[in-house]
Amino acid sequence: MEQISEYRHAGVLKEGDKLPSIRAMAKQVAVNPGTVVKAYQELEHDGVIFSQHGKGVFVAALPDAEGMSKEERERPVREAIEQVLLLSRRMGLSDEGLEHLWNDERARGKQDEKESI
């Protein structure tokens with residue numbers, strides 16, 4: 001459940017992307033299909049996914065940031081940062097190395113913005 005939510009917020013999963021069937025997901029993550037049913041139900045209740053009878057389960061659109069509380073807007077960003085920190089530790093990056101990468105990406109993003117204007 002967390003991974004689907006995180007991938008959605010990070011843009012890995014986009015609105016309308018089809019998720020694996022219950023059986024396929026259960027096999028993929030090596031859990032009981034009933035566990036996937038419960039997870040999909042909870043994700044649907046939270047507005048992360050939606051199902052279409054006979055067609056499958058799909059990723060829902062992210063809510064518009066307007067009208068969201070600061071905490072609601074920050075939550076997916078904090079989750080993404082958490083994942084980046086975990087990955088950087090696994091890859092053996094120091095805090096300084098991670099900071100260098102962060103600054104490089106920020107500079108690249110600013111450059112991309114200038115080029116699109």
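The values are calculated or read from the model by the stated rules, or taken from the named source; none is laboratory data. Predicted, not measured: the structure shown is a model, and the values here were computed from it. Counting neighbours? That spans all protein chains shown, and the Cβs are built from the backbone with ideal geometry, glycine included. Note: areas computed on protein heavy atoms with side chains; ligands, DNA, RNA excluded. Shrake-Rupley method; radii C 1.70, N 1.55, O 1.52, S 1.80 Å.
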Which pairs have Cβ atoms under 7 Å, sit 6 or more apart or on different chains, and link a residue in segment 43-55 that is in contact (Cβ under 8 Å) with a residue 24 or more places away in the chain to one that is open to solvent by 70 Å² or more (accessible area, probe 1.4 Å)? 43/1
Can you tell me which residue among 66, 71 is closer than 25 Å to residue 3 by Cα and either assigned to a helix (DSSP H, G or I) or hydroxyl-bearing (Ser, Thr, Tyr) (or both)? 71
The one condition in (1) in a loop (DSSP other than H, G, I, E, B); (2) closer than 18 Å to residue 3 by Cα; (3) open to solvent by 50 Å² or more (accessible area, probe 1.4 Å) that residue 83 fails to fulfil: (1)
Report yes if residue 52 is modelled with pLDDT of 85 or more and out of contact with any Pro (no Cβ under 7 Å at 6 or more places or on another chain), otherwise no. yes
Being open to solvent by less than 70 Å² (accessible area, probe 1.4 Å), touching a strand residue (DSSP E or B) at 6+ places or on another chain (Cβ under 9 Å) and either assigned to a loop (DSSP other than H, G, I, E, B) or among the aromatic types (Phe, Trp, Tyr) (or both) is true for just one of 92, 16, 47. Which residue is that? 16
Read through the list (1) part of a helix (DSSP H, G or I); (2) in contact with a helix residue (DSSP H, G or I) (Cβ under 9 Å, 6 or more places away or on another chain), then give the number of the only condition that residue 7 fails. (2)
